[in-house]
Each structure stands twice: as structure tokens, then as C-alpha cells.
Amino acid sequence: MSEHIETKPGEWDGERRPLFLAPMAGVSDLPFRLVAKACGADVTITEFTNSTALTREAAMSWRKMESHETEVPFIPQIFGGDPGDMATAAEMLAPTADIIDLNFGCPAPKVTKICAGAALMGQPDNLVSMVDGIIERVDVPVTAKMRLGTGQGANNAIDICRELEQIGTARLCVHGRTLKQRYSGEADWTELRKIVDAVETPVIANGDVVDANSAKLCLETTGAAGLMIGRGAIGRPSIFGELKVGLGWMEENELPWIQELGDAWYERSTVGQLFASRKWCWDKYIQFSQQTVGLQPRWMKRHAVAFTKGLPGAKKVRHMMHGAPTPEMFADAISNYLSAKPTE
Ligand SMILES: Cc1cc2nc3c(=O)[nH]c(=O)nc-3n(C[C@H](O)[C@H](O)[C@H](O)COP(=O)(O)O)c2cc1C
């Protein structure tokens, strides 16, 4: 077992279990992953990257695989339909990666049409032999993320997980929906429970965890080794610290945005506190960008819209984006907007 992968725990008794930021294309860029860590995420994973493009040295794809010394463990995620390219890409990543994660969950047609992502769950033998070929070629742990099944016929994640366990997959993560469901309906945590019970490999539960109540219910229902949070963290990386407080794993006054404001935090309205935590996260996003990949206007725009969504006056943000002559001025404009102290 790797130093970064815990053994399968028993029934959940309220104790700490790791919280993962989900790999999300267009969201989980390096500075965002570092913000999530600063907010309390225990594990981060890059957005998925095309293994064939990596083998062809595509600069854009390698950009997504950048990390920083503080991102420990570093877990790049790859996808692809060609077993040879998957193994070669894994081999190219292995010297810098702590763990390599494989994507068998993506439902996007551009991915499934090359028989990659969740489509591979419809060809379980190919999926398992692909993973086997990768494990043979690299000496870092290999993990896999999947869905419950394709949605055509019975769910087969449980069988796939059993086979992946046999060949030495170090950890499994299952999103409680099928390929056919994409994001509709609800994640089925009861199905996840069956998988947790079927294997000795640690299983991370994913799908529809958005606050402390859902996190608690998901851990109680699944007994999973940890939780992975995706959409709940978009625009709100503070969710990781908030969950830890809600689950009794840390004190509220340990949250970094509360530490920064001190007593002034408690004098703020609920919306005022929301502005303050988002401002802390935004300023960190900018700081981490400057320390790593530099200010990336396209990434900043996406996050600025997400970080300000639902806040009063957020419509101004689009004007700010278009009006700012430089990325630095754009960063400051968002930070100034989030400095507001609404009283209700
Ligand atoms: C915008 C977006 C991009 C995503 N990109 C990836 C990805 O690159 N790799 C992956 O394994 N899953 C990806 N997913 C799926 C998430 O990792 C996660 O499995 C899914 O959102 C369910 O979790 P949630 O209910 O917490 O959002 C993506 C999801 C979203 C919303």
C-alpha cells in the first residue's frame, strides 16, 4: 500500500475520512486545486487529459499536467481508448506523479465515441486489460474512477471493481450514476455501499455531496473510505473546510477566512460572510496563479463567474471582465467587488 493510500476502513463512526476535490475539466486547474487544498481538501486530482495527446507531446495537454511541490499527492488523471497510448502516457507521467488515476466515468460523446471514459464500462474485459497493462508498466499506484455502469443492462461496477482489485488497482472511486444518466436523477449511494462491501480496496464515494448533511448521510450509507466533491466545489472551494466544521472534524474559528477577519467575521451578516469567504478564496486563487502558471485570463473568467454566482450585484462581474485592460486589473476588480460588506 502506498504512503498516499489508506487501507480500507471499517464502518464510519464519525471519524475523519479524506475529502477529495473531483477532477473537473475546465475547473480543476492547478491554482484552483491549491485553493481547494488551502480550504481543507485532502486530495486533489487534475482534470482528465487525453493520453494520446500526451504521447504526442501536445503542449496544451501537458499544461494540464502541471503541479506544484505543495500539491501532495500529485494525481494526474488520463483517459483514452487506446491501451498502448494509455500505458505510454502513464509511463511518461510516472516520474513526477504520486498516483495515476484513470478515467472510466466521462459520459461526454467526444470521449465515449473513441470508446474511452464511461464507454469502456460497456467493454469490461478491455477496461480491465487496459488497467492491467498500465499497472505492468509503472511503479506508482494506479487508481480508477468510474460510474455504476453504462445504464444498458445491469450495473457492472461491482464486477469491474472486483477484477480491478485482483490486478492490483490501489483505490477505486465510483460516481453513483450510470453513463446513460449523465447528471440526471440522484446519485445512488446504496449501490455504492454494495461495492464498498464487495472489495477490500478502498472505495471513494462520489455524487451529490454538497454540504455537511449530505456528506454525513453519504458516509453513513456507503461506509466509503472518503468522499469526492465536484459540483459542490465549483465557485465554492470553501466547501471542504465547511464540511470539516459541519462534521465536527475542525473548529469553525480554524477556517482560514475566519482567522483572517477575527471578530469582524462574527459581526457580518450571512451574506457578508459569504462575500468574505469568497474573497479569501479568490485572492488565494490569484496568488497561487501568480506563483505557478501565471494569471490565465480564460481560467480566471470561468472562476470569477462561479465565485460570484448568486451574490447581490454579481451581474457587474461580466462588465468588469470585459472592461479590465489587464489580468491584474481584472483580478483586483473581482477582489474589490468581493470586499463589499452587505448588511443583510
Ligand atoms: C464541469 C465538470 C467537469 C468534469 N470533468 C471530469 C474529469 O475531467 N474527470 C472525471 O473523472 N470526472 C469529471 N467530472 C465528473 C466529476 O468528477 C464527478 O464525478 C461528478 O460531477 C459527480 O460528482 P458531484 O455530484 O460531486 O458533482 C466532471 C464534472 C463536471 C461538472
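Return HIS322, HIS175 ranked ascending by Cβ neighbour count within 10 Å, so the fewest neighbours appear first.
Details: HIS322 9, HIS175 27.
Fewest-to-most Cβ neighbours within 10 Å comes out as HIS322, HIS175.
Run down the lysines and flag those whose C-alpha is under 22 Å from the C-alpha of LYS309, throwing out any fewer than 8 positions away in its chain.
The qualifying lysines are LYS37, LYS279, LYS284, LYS301, LYS341.
If you take the beta carbon distance between ASP13 and ARG162 as r and set R0 to 30 Å, what does 1/(1 + (r/R0)^6) give as a FRET efficiency, to the nearest 0.05? Don't jump to the answer; show the numbers that get you there.
On the way: r = 26 Å, r/R0 = 0.87.
Efficiency, from the Cβ-Cβ distance: 0.70.
May I ask for the net charge around THR178, where only other residues with Cβ less than 11 Å from the Cβ of THR178 are counted and Lys, Arg are +1 while Asp, Glu are -1? Don't skip to the answer; put the middle values down first.
Values: positive: ARG147, ARG177, LYS180, ARG182; negative: ASP188, GLU191.
It works out to a net charge of +2.
With unit charges on the beta carbons (Lys and Arg positive, Asp and Glu negative) and the dipole taken about the Cα centre of the chain, which residue among VAL131, GLY151, LEU274 sits farthest to the positive side?
Result: LEU274.
Would you mind calculating the relative contact order of the chain from Cα pairs under 8 angstrom and at least 6 residues apart, reporting the percent as a whole number? Could the numbers behind the result be given before it?
Numbers: 633 pairs, mean separation 55.7, N = 344.
Relative contact order for the chain comes out at 16 percent.
Please state, as a whole number in µm²/s, the translational diffusion coefficient that the Stokes-Einstein equation yields for the chain at 20 °C and 1.002 mPa s, with Rh defined as the Kirkwood radius across alpha carbon pairs.
On the way: Rh = 20.7 Å.
Stokes-Einstein gives a translational diffusion coefficient of 103 µm²/s.
Summing -39500 (n - 2.57) over the DSSP H runs of n ≥ 4 in the chain and dividing by its residue number, what mean residue ellipticity at 222 nm do you reach, to the nearest 500 deg cm²/dmol? Before the final figure, lay out each step's value.
Values: 16 runs with 152 residues, N = 344.
Taken over the chain, the calculation gives -12500 deg cm²/dmol.
In debye to the nearest 20, how big a dipole does region 219-285 give about its Cα centre with +1 on each Lys and Arg Cβ and -1 on each Asp and Glu Cβ?
Numbers: 7 positive and 9 negative charges, 82 e Å.
Roughly 400 debye for region 219-285.
Kindly put PHE307, PHE288 in sequence by how many other C-beta atoms sit within 10 Å of each C-beta, fewest to most. Walk me through the intermediate numbers first.
Numbers: PHE307 26, PHE288 21.
Fewest to most other Cβ atoms nearby, the residues stand as PHE288, PHE307.
To make sure I understand, if each residue's beta carbon is the centre and we count other beta carbons within 10 Å, what order do TYR285, TYR337 fall in, fewest to most? Provide the component values of the computation, followed by the final result.
On the way: TYR285 27, TYR337 21.
The order, fewest Cβ neighbours first, is TYR337, TYR285.
Give me the dipole magnitude in Debye, nearest 20, for region 253-338 about the Cα centre, with unit charges on the beta carbon: positive for Lys and Arg, negative for Asp and Glu. Walk me through the numbers on the way to the answer.
Details: 11 positive and 7 negative charges, 126 e Å.
My answer is approximately 600 debye.
In a Debye calculation with equal point scatterers on the alpha-carbon sites of region 150-300 and no solvent, what is log10 I(q)/I(0) at q = 0.08, 0.14, 0.18, 0.20 Å⁻¹?
Evaluating at q = 0.08, 0.14, 0.18, 0.20 Å⁻¹ gives log10 I(q)/I(0) of -0.32, -0.84, -1.07, -1.17.
How would you rank 78-91, 117-130, highest first, on the average number of other Cβ atoms within 10 Å across their residues?
Values: 78-91: 21.5, 117-130: 20.0.
With the highest mean Cβ count within 10 Å placed first, the list reads 78-91, 117-130.
Jot down the per residue volume, in cubic angstrom and as a whole number, of the convex hull over the alpha-carbon atoms of region 172-212.
On the way: hull volume 3.3 nm³, N = 41.
Per residue, the Cα convex hull of region 172-212 comes to 80 Å³.
Any idea what the relative contact order of region 253-338 is, in percent, if you count C-alpha pairs under 8 Å spaced at least 6 apart? If you can, show how the numbers build up before the last one.
Numbers: 45 pairs, mean separation 26.1, N = 86.
So the answer I get is 30 percent.
Largest first and in whole Å, what are the equivalent-ellipsoid semi-axes of region 65-109 based on the Cα gyration tensor, each being the root of 5 times an eigenvalue? Present the calculation step by step, with values, prior to reporting the outcome.
Numbers: eigenvalues 86, 36, 10 Å².
Each semi-axis is the square root of five times an eigenvalue, giving 21, 13, 7 Å.
What is the distance in Å between the Cα centres of region 297-322 and region 90-132?
After rounding, the separation between the Cα centres reads 34 Å.
Over all alpha-carbon pairs in region 253-338, figure out the percentage whose distance exceeds 17 Å.
On the way: 1725 of 3655 pairs.
Beyond 17 Å sits 47 percent of the P(r) for region 253-338.
Can you give me the span-like helices of the chain, meaning DSSP H runs with 18 Å or more of Cα extent along the axis and Kyte-Doolittle mean at or above -1.0?
Working: long enough: 124-137 (20 Å, 0.13); 270-291 (32 Å, -0.60).
Correct list, ordered by number: 124-137, 270-291.
So for the pair MET60, ALA198, with labels modelled 7 Å out along Cα→Cβ, what separation do we get in nm?
Between MET60 and ALA198, the simple spin-label model gives 3.7 nm.
What's the center-to-center distance, using Cα atoms, between region 216-257 and region 22-40 in Å?
14
Readers should treat all values here as calculations from the given coordinates under stated rules, not as data from a laboratory. In this text the structure is predicted, and so the values were computed from the model without any measurement. Note: ideal-geometry Cβ built from the backbone for every residue, glycine included; neighbour counts use all protein chains shown.
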